[in-house]
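See below for the structure under consideration.
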Amino acid sequence: MAAFEKHTQTDIEKAVLWRISVVLWGARNGLKLDGDFVECACYKGTTARIICDAIKFGDRQDKRYYLYDLFDHDPTMPHHTMPEHSKELFRYVKDRFSDCGNVTVTQGSVPQVLATVAPEKIAFMHIDLNNAAAEIGALDCLFEKMVPGAVLVLDDYGWLGYRAQKLAEDPWFAARGYFVVELPTGQGLVIKQKG
Ligand SMILES: C[S@@+](CC[C@H](N)C(=O)[O-])C[C@H]1O[C@@H](n2cnc3c(N)ncnc32)[C@H](O)[C@@H]1O
């Protein structure tokens, strides 16, 4: 709660306390596993910043946290604009993690940017792209890198406003023998299995 109080700025951020709590659970589980953490996408970095404080992630020698976002918006881009999108947001987020040398903030479009910067093994992943095609692209690139026992949180899975994501993700997971559990927060949850 101390990290949450310190780093949430808006009513919208304060309203997603339970969602952040679920992300924290997945991150704590990931600390026991081999591999790094991923967030596609981080926007202002608020959730990742809270997680870093809560688990003292900056002190970890064995893990990196990979954060991705476009950080900006123009009408040619398929994602919807958000209030803080700007030319300056990338720099703001980098500065926000300046005390955590093991956090890598990358500007670019998921999934294409993952060909340039991505971990080898993933111990926790949070996908929050608000865009079905981009989320499937992220899963195509990254799900196989998740180690057994790693938690995947799909932020918008159950929300009617993002229905296209659930409709794309259910068959994607079914084809691989997985079912997503929908949480009361609207998040979807998957735990990576062996094999
Ligand atoms: C809801 S926000 C993420 C909030 C963040 N996960 C948090 O909890 O604080 C969604 C973000 O997805 C980003 N986004 C959408 N499509 C993207 C893409 N193809 N590649 C990278 N970022 C994308 C947007 O720029 C936006 O900042």
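Kindly provide the set of residues from the range 126-143 that are among the aliphatic types (A, V, I, L, M), more than 6 Å from the ligand (Cβ to nearest atom) and assigned to a helix (DSSP H, G or I), ordered by number.
Hits for the range 126-143 are ALA132, ALA133, ILE136, ALA138, LEU139, LEU142.
Give SER98, SER109 a once-over and let me know the one that is out of contact with any strand residue (DSSP E or B) (no Cβ under 8 Å at 6 or more places or on another chain), in a loop (DSSP other than H, G, I, E, B) and away from the ligand (no atom under 13 Å from the Cβ).
SER98
When you check THR8 against the structure, is it surrounded by 21 or more Cβ atoms within 10 Å (Cβ to Cβ), touching a helix residue (DSSP H, G or I) at 6+ places or on another chain (Cβ under 7 Å) and in contact (Cβ under 8 Å) with a residue 40 or more places away in the chain, yes or no?
no
Does at least one position in the range 81-94 carry a residue that is away from the ligand (no atom under 13 Å from the Cβ), within 21 Å of GLU13 (Cα to Cα) and of a type in the set (Lys, Arg)?
yes
Of the numbered conditions (1) surrounded by fewer than 20 Cβ atoms within 10 Å (Cβ to Cβ); (2) under 15 Å from the mean Cα position of the chain (by Cα), LEU67 fails exactly one; give the number of that condition.
It fails just one condition, (1).
Within the range 6-31, can you find the residues that are in contact with a Lys or Arg (Cβ under 6 Å, 6 or more places away or on another chain) and either of a type outside the set (Val, Ile, Thr) or more than 12 Å from the ligand (Cβ to nearest atom) (or both)?
HIS7
Got at least one residue in the range 99-117 being of a type in the set (Gly, Ala, Ser) and in contact with a Gly (Cβ under 6 Å, 6 or more places away or on another chain)?
Among the residues of the range 99-117, not one is of a type in the set (Gly, Ala, Ser) and in contact with a Gly (Cβ under 6 Å, 6 or more places away or on another chain), which makes the answer no.
When the range 32-66 is examined, which residues are found to be near the ligand (Cβ under 9 Å from one of its atoms) and either under 18 Å from GLY108 (Cβ atoms) or touching a residue at least 40 places away in the same chain (Cβ under 8 Å) (or both)?
GLU39, CYS40, ALA41, CYS42, TYR43, LYS44, GLY45, THR47, ALA48, ARG49, ILE50
Each value in this text was obtained by applying a stated rule to the coordinates, not by laboratory testing. A quick note: this is a predicted structure, and the numbers were derived from the prediction, not measured. Counting neighbours? That spans all protein chains shown, and the Cβs are built from the backbone with ideal geometry, glycine included.
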